[in-house]
1. Per residue of the chain, what 222 nm ellipticity follows from adding -39500 (n - 2.57) for every DSSP H run with n ≥ 4, rounded to the nearest 500?
2. Total Lys pairs in the stretch 330-413 closer than 25 Å by alpha-carbon, pairs eight or more apart in sequence or interchain only?
3. Give the Kirkwood hydrodynamic radius (Å, one decimal) of the stretch 62-159, defined as one over the mean of 1/r across all pairs of different Cα atoms.
4. Determine, at each q value in 0.17, 0.18 (inverse angstroms), the log₁₀ of I(q)/I(0) that the Debye formula gives when each Cα of the stretch 723-794 is one equal point scatterer.
5. Is there a quick way to get the dipole size of the stretch 580-701? I mean about its Cα centre, with the Cβ of Lys and Arg at +1 and of Asp and Glu at -1; what is the value in debye to the nearest 20?
6. With everything on Cα atoms, drop me the angle between helix 142-157 and the longest principal axis of the chain, reported from 0 to 90° to the nearest 10.
7. Taking a 1.4 Å probe, which of T85, T631 shows the most accessible area, and what order do the others take after it?
8. Leaving out ligands, DNA and RNA, what percent of the accessible area of the chain is carbon and sulfur, probe 1.4 Å?
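The values are calculated or read from the model by the stated rules, or taken from the named source; none is laboratory data. Because the structure is a prediction, the values reported are computed rather than measured. All Cβ positions, even for glycine, are placed from backbone atoms using ideal geometry, and neighbour counts span all protein chains on display. Calculation scope for accessible area: heavy atoms of the full protein, side chains included, ligands and nucleic acids excluded. Shrake-Rupley method; radii C 1.70, N 1.55, O 1.52, S 1.80 Å.
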Amino acid sequence: MEARIFEPAVIPGKKKFMVTVPWPYTNGSLHVGHGRTYTTGDIVARYKRMRGFNVLYPMGFHQSGTPIHAFSDKIARGDPGTVETYRAYVSQYVEGEKINEILESFKKPENIASYFSKATVNDFTSLGFSIDWRFKFTSAEPAYGDFVQWQFRRLNSRDYIKQGSYPILYSMDDENAVGEDDIADGDIDKVSVEEFTAVKFKGESYSIVAASVRPETIFGITNLWVNMEAPYVLCLMDDEKIVVSKASAEKLRRQHINFSILDDVDPKSLIEERFKVPVTGDEIMVYHSSFVDPDNGTGIVYSVPGHSIWDYVAIKESGIDLHMKKVISFPDKQYSVENLTNARGITSISDTEKLSAATQDLYKYEFYQGRMMDNCGSLSGMSVPEAREKIKGELLESGDAFIFYETSRKAQTRSGSKVIVAVLRDQWFIDYSNPEWKKESHSLVDRMLFVPAFYKENMHETVEWIRERPCARRRGIGTKLPFDDRWVIESLSDSTIYTSVYPVIDNLRKIREIRGKIDDQVLDFIFLGADMPPEYDDVRSISEKARNDLLYWYGCDLRVTSIPHLSNHLVFYIMNHVAVLPKRFEPGGLMILGLVVSRGAKIGKSKGNAVNLLQVTKKYSADVYRLYVATVSDINSQIDWNEEDLQTVIRGYESIISFLERYRKDDSLPGHIETWFESKFYSTLEKFIQDMDSYSVRSAYVRIIFDVMNDLRRVERRGGSVNVALGLVLKEWLISLSAVIPHACEEYWHRYISDTFVSIQVLSPGKDRIDGILLESEAYVDSVTEDIREILNVIRKKPSSIIIETCDESARNLMKLADENRLSEIPQELKRYIPEFMKIRRTLRIMNFDEYTVLEENQEFFSRIFDCKVQIRKGMLGRSNKNSWPGRPAIHVET
């Protein structure tokens, strides 16, 4: 039985709930890592439906940006790697010659987007996602483009759009700005722009340039490093000759206007010359070291062995005789380069992991704890942060340095183009640094729900941190910038408040069909509630319908996403809602999931660990995957997709199916244990609802699946009827399970309950079916059983008989008087038991039932499990060497 795909009717009087997830980028197949977010969103949507909400769970497709264009171009050029990647994607859906036909069509980028949009619908349908596809749209369609242009005019009217020179991540092959969405692993391994101080060391005919993030260490420089295996070039920058690596020059010519490459430079010539250190005037030599990366910074490193472990180890390994200079003092000497090198067992520059870790610790400690020593000129006595800013300013002002921008890690686009930092002139960007905008955004964050809650503080920090953000590029799929159509709005900036379009997309399309374009006056009416002029009467009724739909469904009650989106998509989502839409449409909450890895590594096709969603449904089934997502990890924890955990989940799923397959309707009257199971189930269901209401998905489904199955096994062990017990709760159990294993639940709902759909049923909590005393009495039986087992484990002999002795009224009276601090009223003959009572007082409890009666009813059970005669009797204080107390019967074992 297929899981029902919803077409939710708006039922008057019911509350609404709108849940959204990131719209997928349509340039390839989605894998199990992506699936966690969409599956969790679907579980939430299905749960809210079973709780009686009108639910909207929509989906669109993100087609903006450069990756689709770049992949299409590579396919058109016959790039082997790209062609094979897409052949593998397509072969999941079709066979034979049809694959080549589809690949040929991919030479047009729109065909890639269209094909994988349809493939994703197929994959999501196979997984049983209850998405309402009537609300589907793409970021490249005209109606949405009109909305995005309206949004940008709104931002511009509030002076949030700026233009100027700006350092930006840049694709060398595409000659275009790129964002996180364009960069390979850009969502899970961020790439940012880092600012270096590029220091000039003057020689006789040119300067050699070394870039550093620690210019305050200039007083400790002993030498320069180059890599003799790398190409270097002579360049002209602002009429001054400088030498850098060839890779660095390619970056510099995209960062400076007056820059050109003059000639190649033999690295040997650099070693033969001396160069002067700015500020100190010291003349230093250049040496070779293989640790110098020509594609990092300028490809030249200035050496500070007193405060750099790399330099210290390289000098020792090379046998160079140099005097090491210390220029930063700090209290804990274990952080000196010498001690750190010895403590970490670093013996060579090939110990790269140890070197990197130790360097990070050293730099961090010096930055926060260090002070400049007396040999540092005007910096002497300053803290490291103060000294860094002061010397940087002096070097820039004197012309002895310039700013150089570098990526925080090596990166390439999804299509394989190298990513660098370029400074683009007349770049458009959104100015998220506006103080008033930040203030309003902080207020919204305070009002929102965050799951887990600690992400609220992370979002506050992100709002405070974010500044100018490039928002347009020269090429790619997307919407033209309304006030400068030479630019296309980039793929992060055009998808900030797209969730607000879901409820109205159909009506927007109708308006555009009538008028050819959706004017701002119409969008002002729909989204802002402004008056609409008479000249728009031809679309007034449609616009009113759109306005009413928006008012009913929006804002978005919960957006389910993952942690990499915190510093981009999510902060944009919050701040653009504040800037563009009225307060009544503000988002209600964010659920932020942990990452999914596979076998401990990030998921990626190049790593061989990417399991596509379609493969999952074919190999394991959709319900198994959904159960895995729901139960293997808490929402904020990382999931490691691996066969071992998967097999555990499969066994759990098979147990559920086994109980449901073996079930046969039985109208016999329930006995004690079946009645207990009914009460326990509804108690568990109550906790399940509490967990799901707080979005503790794993806890909720561990309860309603595994706790319930354990209770069914208990019914079996107690000699009860599983059929009778399960029949008492089957309807509610299937409804509650249907959010996670919808396909199986629809099958058994039709088989055992009704020829309707379980997925549209409302869950009845059944609080009136919880018998607290019955649950307490059964827990008491458990406790006595466990006490007997502990005794048997100690004596290690098979019992011939067991006597369980409950307390008499005198023990209960003693406990009652003692608990009420009325010790003087305890009868004289009982006072000798007070010391024993005080010693065990915390373990005792007066029950809400008669202990003797409950134990007597379970005598046969005790005899069966302990395979001996069991006698239940009423005790009396002092009758034997072991007294019975309330909640703690005496147990006598005979062997």
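1. On the way: 32 runs with 365 residues, N = 895.
Helices in the chain give a 222 nm mean residue ellipticity of -12500 deg cm²/dmol.
2. Working: K333/K354; K333/K364; K354/K364; K354/K410; K364/K390; K364/K392; K364/K410.
Close lysine pairs found across the stretch 330-413: 7.
3. Values: mean 1/r = 0.0643 Å⁻¹.
Radius from the Kirkwood sum: 15.6 Å.
4. -0.73, -0.77
5. On the way: 16 positive and 16 negative charges, 140 e Å.
Result for the stretch 580-701 is approximately 680 debye, rounded to the nearest 20.
6. The answer is roughly 70 degrees.
7. Numbers: T85 40, T631 15 Å².
From most accessible down to least: T85, T631.
8. 47 percent
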